[in-house]
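Heads up: the structure comes next, in structure tokens.
Every number in this text was worked out from the coordinates using simple rules, so none of it is lab data. Keep in mind that this is a model prediction, so the values were computed, not measured. Methodologically, a virtual Cβ is constructed for each residue, glycine included, from the backbone with ideal geometry; neighbour enumeration extends over all protein chains shown.
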Amino acid sequence: MTVHGTDGRACDVLVIGGGPAGSTAATLLARDGYDVVLLEKDEHPRFHIGESLLPCNLPLLRDLGVLEQVEAMGVYKPGAEFVSDIDDRCVPFPFRYAIGAKTDHAYQVVRADFDALLFRNAGRHGATTRENIRVLSVQFQSGQRARVRTRDNAGTEQVYEPRFVLDASGRDGLLSAQTGRQANKKNSTAAIFGHFRNVPRRAGDMGGYISIHLVKDGWFWMIPLPDGVMSVGFVGDKVAYRDHKGPVTELFWKKVAQSPSVAERMNAAQALSPLSTTSNYSYCAQKAWGEGYYLIGDAYAFLDPVFSSGVLLAMRSAYRGAGVARAWLRDPVEGRRVAARAERRTQREMRRIAWLIYRINTPVLRMLFLNPRNILRMRDAIISLLAGDFAAGWRVMAPFSAFKAIVGVTWFRKKLRRSF
Ligand SMILES: Cc1cc2nc3c(=O)[nH]c(=O)nc-3n(C[C@H](O)[C@H](O)[C@H](O)COP(=O)(O)OP(=O)(O)OC[C@H]3O[C@@H](n4cnc5c(N)ncnc54)[C@H](O)[C@@H]3O)c2cc1C
């Protein structure tokens, strides 16, 4: 093993991880003229799950200068459809009804291509991008530059000495492994997924819709991708997995067979490769920042992906993370203030969408969600959140609060009725 010198390579900002969060932050900072190093342990293009984007991603992609390429590589997505076997309902939520919508569609992408595009874009804007390099450890020393130890695939170690570190290492959570991470015990799920051929899309205008099938013990996604491919995944809670013995592939097909609406579409499906699995539990790091660093994207927090919010949340937190780095490099006192504010904003956005996510499979919310009435524009407010408007103002939040109140009252009345 070779170790290059004791003096590390100095830079302004070192970004750990070249997914959407890391590449976004690196692009923004390099564009401003900072000396940025972006390190990725794998090599792009590499597989990643999370293929359905939201309309609110589009202004960010435009700002980064990659929107045209995403339009060319993606499947046009004008809305999201929710299907429930239990309630025997199928409800489309077209993004064009979002309140104050500037964009009425999004795209669904092969993440290998999308992530490679964002990573190369960071390089084009002047970041030093390196693949096949894993960050092993980060040492923070009061009043001095951090020491970041890395190793490449050939076993060569190198030290970097940045003035500021952005951790965008995704669910690996390099820094939160040291500082602590809180798992959401109520959302302990796992996903089984793959790419398929011969899965019919919806007809006409709905051909590009993502379908979310709410089933017993979990939900399925069906995401139309280019070249007639359909990404299909089952996300199940503990109950779904508890009694199953044998390969997960069997469980996947068992779950398909148990859902009439999914089984009908998967009738002639052909898997393009063996199915993959991932545990899916939600979590949040104990803190988003410390002296000389800030966590962005999944490295900070992860929510159940039922509303396809992950990439957008990751990119939005990357914009904030870049702001924290800029402030810190100017003056750490200002940096601390900006970091605390950025963390509060990210938490507030996540709380808003989490409220829907963690209630979607409760009977009351599912019933109201699948029978959307547009009184007071409550349906449109829900669509605004489904489109990714997590920082929405009162025009969305007032009708959404009314919806929440109705959910609360309905739940209470049902409970009262049961107790008599
Ligand atoms: C089952 C499932 C379905 C999902 N579906 C959707 C969806 O439809 N839409 C959506 O928007 N989101 C979805 N998501 C969430 C989405 O995938 C993530 O939120 C998103 O990828 C987060 O981006 P990120 O950049 O923070 O992390 P990542 O995309 O995970 O990127 C992190 C990068 O860091 C690298 N890395 C890690 N450790 C190191 C290290 N030590 N040194 C160097 N590099 C390192 C990794 O190799 C990786 O490339 C889904 C997630 C799951 C689990």
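With the simple model of a label 7 Å out from the Cα in the direction of the Cβ, Arg124 to Val333 spans 4.1 nm. Can you give the helix-only mean residue ellipticity at 222 nm for the chain, where every DSSP H stretch with n ≥ 4 adds -39500 (n - 2.57) and the sum goes over all residues, rounded to the nearest 500 deg cm²/dmol? Counting only the DSSP helices, I get -11500 deg cm²/dmol.
Can you give the FRET efficiency for Glu250 and Ala203, using 1/(1 + (r/R0)^6), R0 = 35 Å, r = Cβ-Cβ distance, to the nearest 0.05?
After rounding to 0.05, the efficiency reads 0.65.
Using 0.36 nm per residue of separation minus the Cα-Cα distance, give me the extension gain between Ile375 and Ala402 in nm, one decimal. Display every interim value, and only then the final one.
On the way: separation 27, 0.36 × 27 = 9.72 nm, distance 0.96 nm.
Separation in residues times 0.36 nm, less the Cα-Cα distance, equals 8.8 nm.
Since only Phe412, Cys11, Gly79 are under comparison, the one whose Cα sits farthest along the positive direction of the charge dipole of the chain, derived from C-beta charges on Lys, Arg, Asp and Glu, is Phe412.
Among Lys41, Lys404, Lys185, which comes first, then next, by fewest other beta-carbon atoms within 10 Å?
With the fewest neighbours first, Lys41, Lys404, Lys185 line up as Lys185, Lys404, Lys41.
Among the listed pairs Lys77/Lys254; Lys254/Lys414; Lys41/Lys287; Lys186/Lys216, a Cα-Cα separation exceeding 21 Å is found for Lys77/Lys254; Lys254/Lys414; Lys41/Lys287.
Applying 0.36 nm per residue to the separation of Gln141 and Met367 and subtracting their alpha-carbon distance, the gain on full extension is 76.0 nm. The amide H of Glu43, built 1.01 Å from its N in the peptide plane, has Asn132 as neighbours under 5 Å, considering only residues 5 or more places off or on other chains.
Across segment 371-387, coupling constants 3J(HN,Hα) worked out from phi with the 6.51/-1.76/1.60 Karplus curve, θ = phi - 60°, read 10, x, 10, 9, 4, 6, 6, 5, 4, 5, 5, 5, 4, 4, 5, 5, 7 Hz, and Gly and Pro carry x. The angle between the Cα long axis of helix 332-357 and the main principal axis of the chain comes to about 20°, on a 0 to 90 degree scale.
Taking Rh as the Kirkwood radius, which is the inverse of the mean 1/r over Cα pairs, what is the Rg/Rh value for segment 358-419? Here Rg/Rh amounts to 1.01. This model, with +1 at the C-beta of Lys and Arg and -1 at the C-beta of Asp and Glu, gives segment 334-420 a dipole about its Cα centre of some 420 debye. 3J(HN,Hα) couplings calculated from phi for segment 210-226 with the Karplus curve 6.51 cos²θ - 1.76 cosθ + 1.60 (θ = phi - 60°) are, in sequence order, 7, 10, 10, 9, 7, 10, 4, 6, x, 7, 10, 10, 10, 10, x, 10, x Hz; Gly and Pro show x. The eigenvalues of the Cα gyration tensor, multiplied by 5 and square-rooted, give segment 65-202 an equivalent ellipsoid with semi-axes of 39, 22, 17 Å from largest to smallest. Annotation: extensible slack from Arg418 through Lys216 equals 70.5 nm (criterion: 0.36 nm per residue apart, minus Cα-Cα distance). Looking at segment 190-279, I'd like the Rg to Rh ratio, where Rg is from alpha-carbon atoms and Rh is Kirkwood's inverse mean 1/r. Here Rg/Rh amounts to 0.95. The ranking of Tyr209, Tyr160 from fewest to most other beta carbons within 10 Å of each one's beta carbon is Tyr160, Tyr209. Per the Kirkwood definition applied to all pairs of different Cα atoms, how many angstroms is the hydrodynamic radius of the chain? Evaluated over the chain, this radius sits at 22.4 Å. Projecting the Cα atoms of Ala190, Asn57, Tyr293 onto the charge dipole of the chain, computed from C-beta unit charges around the Cα centre, puts Ala190 farthest toward the positive end.
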